[in-house]
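Working notes, beginning with the structure itself.
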Amino acid sequence: MAEEAAVRAQAETVRRLKQDKADADEIAKEVAKLLEMKAQLGTDEGKQKFVLKTPKGTRDFGPKEMAIRERAFKAIISCFKRHGAEVIDTPVFELKETLTGKYGEDSKLIYDLKDQGGELLSLRYDLTVPFARYLAMNKITNIKRYHIAKVYRRDNPAMTRGRYREFYQCDFDIAGQFDPMIPDAECLKIVHEILSDLQLGDFVIKVNDRRILDGMFAVCGVPDSKFRTICSSVDKLDKVPWEEVRSEMVGEKGLSPEAADRIGEYVQLHGGLDLIEQLLQDPKLSQNKVAKEGLGDMKLLFEYLTLFGITGKISFDLSLARGLDYYTGVIFEAVLLQQENERGEEPVSVGSVAGGGRYDGLVGMFDPKGRKVPCVGVSIGIERIFSILEQRLEASEEKIRTTETQVLVASAQKKLLEERLKLISELWDAGIKAEMLYKKNPKLLNQLQYCEETGIPLVAIVGEQELKDGVIKLRIVATREEVNVRRESLVEEIRIRTSQC
């Protein structure tokens, strides 16, 4: 028994020594981590060694950039509201299973988050899938909504062209069972209105239909199993020439050269109603039920677009594919065009600034009973639009106002801080956007210069004589004209004058 107790005691001692060593190793690791963090943060003197930067594919926006962005947002929101849309918002992350399998080959670009509280989450990739989840979850079958929010893509950024990993999308969607092509035509009208309003230059809105594409693939000999992957290849035609796309379809995706060549005959066609009529008579396509249905709807769409007066900017383009898996009908994409050069060559695309289409099956993927809610929508590529507007304003050297201040409350003599505070409080309470300098006795010249620098149009000057006379001297900064205004009339006078600016 004594020997057995001695063995147990020895074993316990060994176990403790091992535990102590493990604990020591763990402590050593933690100390090493802390020392490494300290080294990154800098020495005790506070000298920082790490580089201050935003994460790859993101950027900060200062007051000037934000003023440009707000101007564009205002035009877009105004258009969405003009067409009767309500606004919604959804979480920035979704359950991973909500996003899985909705984006085809682009699914690899979804940002996955670590398991938090027993849920596998991903940052939203777009605003369309969360919208479909919202409809199914709340059993909504009819809504016209817009949603402006940030989305995230684990992509290779090209920031000079407005391609980021974190960026805004501006979406407008119509959900519900309606007569064919009426909501689809309105979405195209909205794109036309926004691009015209923002004055970005010449543009074209390409339209196609996934049913026409699927029918085309079928008559060209593409196996059903390869429809989506071949669609993804065709989607690259706006960026690379046909020869490269053909090589990818044949070499990487195993399509027969004959099928690829037949596809090539179609995807290089573009036009309007005349092309639709031509394809309706095509001996192969006209025999395909799906393609014929798509062409019939495309003809109807062009009739509505003619009534809207926008067909001059619309091109029926068989190369347009839009690789997202959830599209089921009409698809469209707006691209800006470079102006014709001196040699008179055709205008060329400088990038997509809007896209969308019909996705009738997406809501049903979330509904337990598979109930479908037909949807069509458009997303405005706001980041590329911002890039264009920024470059244009930089080139024009136009001065951008970063505040909306209507009037600066100033004083002509010393010891008038209390009077300035009383007057500015009156203006704020009346809804006037007003500022003052944070000095007890600022020089009048400094106050006037501040208005020149910031673009404030009016100065309300408090002076000893004005206080006695019950008036405020109102100075128009642009003309340097000064008028005395009764204090009780000041608010109305500021409103009238700033509405003219």
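The values are calculated or read from the model by the stated rules, or taken from the named source; none is laboratory data. Fair warning: this is a prediction, and the values are worked out from it, not measured in the lab. FYI the Cβ positions are ideal-geometry reconstructions off the backbone, even for glycines, and counts take in every protein chain you see. The area values use the complete protein model at the heavy-atom level, side chains included, leaving out ligands, DNA and RNA. Shrake-Rupley method; radii C 1.70, N 1.55, O 1.52, S 1.80 Å.
Across segment 388-409, which residue is farthest from the chain's Cα centre (by Cα) among those that are buried (at least 18 other Cβ atoms within 10 Å of the Cβ) and touching a residue at least 60 places away in the same chain (Cβ under 8 Å)? Walk me through how you get there before you give the answer.
Of the residues in segment 388-409, the ones buried (at least 18 other Cβ atoms within 10 Å of the Cβ) are 388-389, 405-409.
In the following step, the residues that additionally are touching a residue at least 60 places away in the same chain (Cβ under 8 Å) were identified as 388-389, 406-407.
On the way: Ile388: 14, Leu389: 15, Gln406: 30, Val407: 34 Å.
Top of the filtered list is Val407.
Just checking, which of Glu464, Glu453 is open to solvent by 30 Å² or more (accessible area, probe 1.4 Å), under 24 Å from Gln500 (Cβ atoms) and among the charged types (D, E, K, R)?
Sole residue among the options that is open to solvent by 30 Å² or more (accessible area, probe 1.4 Å), under 24 Å from Gln500 (Cβ atoms) and among the charged types (D, E, K, R): Glu453.
List pairs: first residue in segment 430-453 and farther than 17 Å from Ile476 by Cβ, second residue not in a loop (DSSP other than H, G, I, E, B) anywhere in the structure, Cβ distance under 6 angstrom, at least six positions apart or on different chains.
Ala430/Val491; Met436/Val409; Met436/Arg420; Met436/Ile424; Leu437/Gln447; Lys440/Leu417
Given the conditions (1) in contact with an Asp or Glu (Cβ under 9 Å, 6 or more places away or on another chain); (2) surrounded by fewer than 18 Cβ atoms within 10 Å (Cβ to Cβ); (3) of a type in the set (Ser, Thr, Tyr), which single one is not true for Thr229?
Looking at each condition in turn, Thr229 falls short on (2).
Could you say whether any residue in segment 130-144 is open to solvent by less than 40 Å² (accessible area, probe 1.4 Å), closer than 14 Å to Gly356 by Cβ and outside any helix (DSSP H, G or I)?
Among the residues of segment 130-144, not one is open to solvent by less than 40 Å² (accessible area, probe 1.4 Å), closer than 14 Å to Gly356 by Cβ and outside any helix (DSSP H, G or I), which makes the answer no.
Right, Thr229: assigned to a helix (DSSP H, G or I), closer than 23 Å to Ile76 by Cβ and at pLDDT below 95 or not? Walk me through it before giving the result.
Numbers: assigned to a helix (DSSP H, G or I): yes; closer than 23 Å to Ile76 by Cβ: no; at pLDDT below 95: yes.
No: the conditions fail for Thr229.
Here's the yes/no breakdown for (1) modelled with pLDDT of 95 or more; (2) in the same structural domain as Ala132 (by the TED database); (3) over 30 Å from Lys189 (Cβ atoms):
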| position | (1), (2), (3) |
| --- | --- |
| Lys49 | no, no, yes |
| Lys53 | no, no, yes |
| Thr58 | no, no, yes |
| Arg69 | no, yes, no |
| Ile76 | yes, yes, no |
| Phe80 | yes, yes, no |
| His83 | yes, yes, no |
| Val87 | yes, yes, no |
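Any residue at all in segment 122-129 that's out of contact with any helix residue (DSSP H, G or I) (no Cβ under 8 Å at 6 or more places or on another chain), more than 27 Å from Phe61 (Cα to Cα) and not polar (S, T, N, Q)?
Step one: of segment 122-129, the residues out of contact with any helix residue (DSSP H, G or I) (no Cβ under 8 Å at 6 or more places or on another chain) are 123, 126-127.
From the residues that got through so far, the ones that are more than 27 Å from Phe61 (Cα to Cα) too are none.
No, segment 122-129 contains no residue that is out of contact with any helix residue (DSSP H, G or I) (no Cβ under 8 Å at 6 or more places or on another chain), more than 27 Å from Phe61 (Cα to Cα) and not polar (S, T, N, Q).
Here's the yes/no breakdown for (1) farther than 19 Å from Ser286 by Cα; (2) open to solvent by 10 Å² or more (accessible area, probe 1.4 Å); (3) touching a helix residue (DSSP H, G or I) at 6+ places or on another chain (Cβ under 9 Å):
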| residue | (1), (2), (3) |
| --- | --- |
| Asn208 | no, no, yes |
| Asp214 | no, yes, yes |
| Cys220 | no, no, yes |
| Ser233 | yes, no, yes |
| Asp238 | yes, yes, no |
| Glu244 | yes, yes, yes |
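Output yes when any residue across segment 195-212 is under 30 Å from Lys74 (Cα atoms), in contact (Cβ under 8 Å) with a residue 24 or more places away in the chain and among the acidic types (Asp, Glu), and no when none is.
Yes - at least one qualifying residue is present in segment 195-212.
Quick test for you: out of Lys253, Lys239, Lys226, pick the one residue that is closer than 24 Å to Leu336 by Cβ and in the same structural domain as Ser352 (by the TED database). Show your work before the answer.
Working: Lys253 fails: closer than 24 Å to Leu336 by Cβ; Lys226 fails: closer than 24 Å to Leu336 by Cβ.
Every option except Lys239 fails the conditions.
Restricting segment 470-484 to residues that are over 19 Å from Met436 (Cα atoms) and surrounded by 12 or more Cβ atoms within 10 Å (Cβ to Cβ), which is farthest from the chain's Cα centre (by Cα)?
Of all residues in segment 470-484, those over 19 Å from Met436 (Cα atoms) come to 470, 479, 481, 483-484.
Checking which are surrounded by 12 or more Cβ atoms within 10 Å (Cβ to Cβ) leaves us with 483-484.
Working: Val483: 46, Asn484: 48 Å.
Per the stated criteria, the residue is Asn484.
Please go through segment 155-179 and give me each residue that is crowded, with 17+ Cβ neighbours inside 10 Å and either β-branched (Val, Ile, Thr) or assigned to a loop (DSSP other than H, G, I, E, B) (or both), ordered by number. First the steps, then the outcome.
Pass one, segment 155-179, residues crowded, with 17+ Cβ neighbours inside 10 Å: 157, 162-175.
Scanning segment 155-179 gives Pro157, Gly162, Tyr164, Arg165, Ile174.
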